[in-house]
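Beneath this line is the structure, given in structure tokens, with notes to follow.
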Amino acid sequence: MDWRPTLSDRTGPVYEAIVEALGADVASGRLHRGERLPTHRALAQALGLDLTTVTRAYNEARRRGLTEARVGQGTFVAESRVHAPRAAAAGIEFDLSMNLPPEPVEADLEGRVTRGLAALQRDFGVSAFLNYQQAGGSESDRGVAADWLRRRVRIAAADRLLIFPGTQPALMSFLLATTKPGDTVLTDRLTYPGFKAAAAALGVRVAGVEADEAGMIPAALDEAARKFSAKAVYLVPTIHNPTTVTVGPARREQLAATIRKRGLLLLEDDAYGSLDPKLAPIATLIPERSYYAASLSKCIAPGLRVSLVLGPDRAAAASLASALRTLVQMPVPMMAALAVRWLGDGSADDIIAAIGAEAAARQKLAAKALSDHRYRAHPKGHHLWLVLPDSWTRAEFAAHIRRQGLAVVTSDAFAVDGRPEHAIRIALGAARTRADLVSALDVLSVALKSPASASSIV
């Protein structure tokens, strides 16, 4: 391979300039995952450098996860910059239990974080981020966030928007601000476990509403709202976790009409909306009754701990801010500043595009590996919902594949009413690489074809 980095526009040590150029060329598409790089000696000769400088650059690139060395073959662009977990559970080789976004090398997350933090230090200094900040973010940060969000959520406005340290505190804040112990909030019969936990901690009852292949059934929502005198409804209408269902336009309008009719508040968790932004959120249909959360955890990185939250009006936003101060005081200033910078300069869009492309590629791998099995999936989602054979109990199957080194989550974790579907969630994005995912899916496919008796120890 005749790759030759451009170093003339870079400052600092030459070996670091080579590494930065390598990262930039991967991010721009000039270099592709799995592409072979020149040998140390060939690159040194091409650049007119001594061999030790190039060797140091290659070692640093490998340390940062940009490259991987293959014995007897050479140095290649890495598939992902995700390092092996520091402390995997004993015996678990493939942990597909946590619904994480993949980290493709094209997203250049590590490089973007490094450069972004350096830019923040250069522009503002570190001390600016080490003090208490305004709960919900500064006016300027909320303005940038609202501008970015408005492309998908036309009702987004800075005076109703708050920057939260992730959606989980936003769920707690919503419940603190709008409910009291003993109130009932409706949701799908299978729903996000974090919401169940937040409601349980505050003594709020959660009641499940029937759904079909198109999402929550409006008539069932109407009946449940009447039966339980419900206060609110919690929905994940785009790439639902765990069932992967995306509610279509007509059903969204019907749900909005029912929410308005019954005087409910809507809490819309749009964690996956940026991966499939075609449909307008339900909150845009009933803004006066809606609380809306757009997390960056599933479309960029969970470690950012940033979620953009809209209230129905300024008074509601103020109540959310008060609840936020009660819970965690404020978002983490440096992470919020980095996220806002990415929203403003286009980096967020580039990262989301790279992650979406990787998610789509992984769904295709899953479709090939599981072609003989029943499951639901979204073509751009991070997970799939797989129906188990009747011969297995969920607990037995999960235990069986765990002994094979594969961890997943059964439907029991998501059930609201004690009637879980006979299914498991497979988090495709959690695999470190596509190769790891293929290996994990092979374990899964073999297990699905095995009789339950094969797991017995006698």
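Need pairs with beta-carbon distance below 6 Å; first residue open to solvent by 30 Å² or more (accessible area, probe 1.4 Å) and within segment 146-168, second part of a loop (DSSP other than H, G, I, E, B); sequence gap 6+ or separate chains. What qualifies is ARG150/ALA156; ARG152/PRO277; ARG160/GLY311.
In this structure, does ALA69 turn out to be modelled with pLDDT of 95 or more, in contact with a strand residue (DSSP E or B) (Cβ under 9 Å, 6 or more places away or on another chain) and not basic (Lys, Arg)? Answer is no for this residue.
Within segment 103-114, being in contact with a strand residue (DSSP E or B) (Cβ under 7 Å, 6 or more places away or on another chain) and either at pLDDT 90 or above or part of a loop (DSSP other than H, G, I, E, B) (or both) holds for GLU103, PRO104. The set of residues from segment 1-41 being within 21 Å of ASP350 (Cβ to Cβ), of a type in the set (Asp, Glu) and either touching a residue at least 40 places away in the same chain (Cβ under 8 Å) or open to solvent by 40 Å² or more (accessible area, probe 1.4 Å) (or both) comprises ASP9, GLU20, GLU35.
Close contacts from segment 130-142, counting a first residue that is in contact (Cβ under 8 Å) with a residue 12 or more places away in the chain and farther than 14 Å from MET334 by Cα and a second that is assigned to a helix (DSSP H, G or I) and β-branched (Val, Ile, Thr), with Cβ to Cβ under 9 Å and a gap of 6+ residues or different chains, come to ARG142/VAL340.
Taken together, ALA128, ALA135, ALA177 contain a single residue that is modelled with pLDDT under 95, over 23 Å from the mean Cα position of the chain (by Cα) and part of a helix (DSSP H, G or I), which is ALA128.
Count of segment 9-26 residues, restricted to those that are assigned to a helix (DSSP H, G or I) and either more than 26 Å from ALA361 (Cβ to Cβ) or out of contact with any Gly (no Cβ under 7 Å at 6 or more places or on another chain) (or both), is 12. When ALA199, ALA225, ALA219 are checked against the criterion of being in a helix (DSSP H, G or I), exposed (fewer than 15 other Cβ atoms within 10 Å of the Cβ), modelled with pLDDT of 95 or more and not β-branched (Val, Ile, Thr), a single residue qualifies: ALA219. The set of residues in segment 317-342 that are outside any helix (DSSP H, G or I) and farther than 21 Å from ALA157 by Cβ comprises VAL328, GLN329, VAL332.
Of ALA44, ALA84, all but one fail to be at pLDDT below 90, surrounded by fewer than 21 Cβ atoms within 10 Å (Cβ to Cβ) and within 30 Å of PRO193 (Cα to Cα); the exception is ALA84.
The values are calculated or read from the model by the stated rules, or taken from the named source; none is laboratory data. Everything numeric in this text was worked out from a predicted model, so none of it was measured. Cβ atoms come from the backbone with ideal geometry, glycine included; neighbour counts cover every protein chain shown. Accessible surface is based on the protein model in full, side chains and every heavy atom, while ligands, DNA and RNA are left aside. Shrake-Rupley method; radii C 1.70, N 1.55, O 1.52, S 1.80 Å.
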